[in-house]
Structures are given as C-alpha cells and as structure tokens.
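The values are calculated or read from the model by the stated rules, or taken from the named source; none is laboratory data. Here the structure is a predicted model, which is why all the values come from computation and not from measurement. Every residue, glycine as well, gets a Cβ built from its backbone with ideal geometry; the counts of neighbours run over all protein chains shown. Remember, those area values only see protein heavy atoms, side chains included, never the ligands or the DNA or RNA. Shrake-Rupley method; radii C 1.70, N 1.55, O 1.52, S 1.80 Å.
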Amino acid sequence: MQCTEVQEPRVAARLLLVDDDRLVLGTLAQGLRHMGYAVDTAECAEEAEAQLSGGQRPDLALVDVQMPGAGGLWLARRLAQLEHVPFIMFSAYGDAATVEQATRCGALGYLVKPLALAQIQPAIETALQRARELDALRCTRAQLQAALDADRAINVATGITMVQYRLTRQRAFETLRGAARTQRRKLAAVASETVQACEQLFL
C-alpha cells in the first residue's frame, strides 16, 4: 500500500523558488513554508541573480525552465558554475530535449507542471540528500589534494635539505621534523616554507 501523506522535513532547508507565474510562485511558496521550509522567491532569473549576488545562499533552488529574460537554463548554469547551489528544474514541457538540457546544466531533478506538493517534497528531499553527498565528496577531494600537496612539499623540502647539508634522506627528513617540533608547527608548513625560500634564491 502506498502512503500519500506528506511528511514533515527532518531539518528545515532554505529554498529559492524562481517562476515568472505569480500564482504558481505564491501557491508553491505558501505550501512549502507550511511544510516547514524557509522559502525565498524570485519572478525571473535576473531577480534571483540579484539575490545571489547580495549574499543569499539557499540550500536548494527550484527553477522554472521557461521564463522571459535570461531564462531558467541561464540561471541554472550560473547556479552550477559560479554559486555551487544545487537546483531542481521544472517546466510545463517534459520533452526529452528540455530534460536533457536541464540535466546537462547539472539539475538534480526535473518536474513537470502542474506541480503538487506531494510530488515536490520527495524530489526536494532527494535533491538535498544528493547535494549533501556531493558536498562531502568535494570536501574529501579537497582534503586528499591538500594531503598530496603537503606530501609533495615535504618530499621536495627533504631533497633540498639533503643537498644543503649533505645528509641522507632519512636524516634530512628528521631534521625537518625536528625543526617543526621546535617551532611547534606542522611539518607541511615548515616544508612549504623551505621550498619557498629555495625558490626565492633562484628568482
């Protein structure tokens, strides 16, 4: 048996709803607020862009594809490339070409009008969960890159120390580690400083 009851979201999220149809905009915004979401609205891509430029950071944007002016796809590309704000797109058109365009822009979901709240909430919660997973992945990737950069700096600094003091690799590494302990700093920071100092000599 399927359950059609709309469930309350566990954690309130801030949404940005963008649609040039004021009736749809008002109805959806009211319904989403009643469900516990914080909702900001914009009637066109340009208005949404102005809000984003002013520092607004929604957890998820819901964007109509067909709007006058710059349009929903333009806003979608801005959300994905510049703002890194996850988004769902919706439209009265569900043809394959439109869906493909939205997907290429990075949409985490696509809904076809008319929109029902019981239909929207699962899509919102799914998109929010996917966005959290992507954020965690980006964070992990950044941490791995930082670790690789630190290892690279330590290896280069060890080589520099070997040449400068005519030490074995192990002794050079121990010298760097001893300097880091004495200065109460991270080894990677001391290594990076050593590399930069060496580079300055050749400028």
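Of these, Ala50, Ala147, which one is among the hydrophobic types (A, V, I, L, M, F, W, C) and open to solvent by 50 Å² or more (accessible area, probe 1.4 Å)? Show your work before the answer.
Details: Ala147 fails: open to solvent by 50 Å² or more (accessible area, probe 1.4 Å).
After ruling out the rest, the residue left standing is Ala50.
Identify the single condition in (1) open to solvent by less than 60 Å² (accessible area, probe 1.4 Å); (2) over 21 Å from Ala13 (Cα atoms); (3) part of a helix (DSSP H, G or I) that Trp74 does not satisfy, given that it satisfies every other one.
Trp74 satisfies all of (1) open to solvent by less than 60 Å² (accessible area, probe 1.4 Å); (2) over 21 Å from Ala13 (Cα atoms); (3) part of a helix (DSSP H, G or I) except (1).
Just name the residue that is most open to solvent (accessible area, probe 1.4 Å) out of those in the range 77-111 that are part of a helix (DSSP H, G or I) and more than 19 Å from Ala42 (Cβ to Cβ).
Keep residues of the range 77-111 that are part of a helix (DSSP H, G or I), which gives 77-83, 96-105.
Within this subset, residues satisfying the condition of being more than 19 Å from Ala42 (Cβ to Cβ) are 96-101, 103-104.
Numbers: Ala96: 81, Ala97: 61, Thr98: 16, Val99: 46, Glu100: 92, Gln101: 96, Thr103: 88, Arg104: 190 Å².
Step by step, filter the range 77-111, then rank; the result is Arg104.
For the structure I just gave you, tell me whether Leu167 is part of a loop (DSSP other than H, G, I, E, B) and not β-branched (Val, Ile, Thr). Let's see the steps before the verdict.
Details: part of a loop (DSSP other than H, G, I, E, B): yes; not β-branched (Val, Ile, Thr): yes.
Yes.
Kindly evaluate Ile154 against the criterion of being within 30 Å of Cys198 (Cβ to Cβ) and either modelled with pLDDT of 85 or more or small (Gly, Ala, Ser) (or both). It would help to see each step written out before you state the result.
Numbers: within 30 Å of Cys198 (Cβ to Cβ): yes; either modelled with pLDDT of 85 or more or small (Gly, Ala, Ser) (or both): yes.
So Ile154 fits the description; yes.
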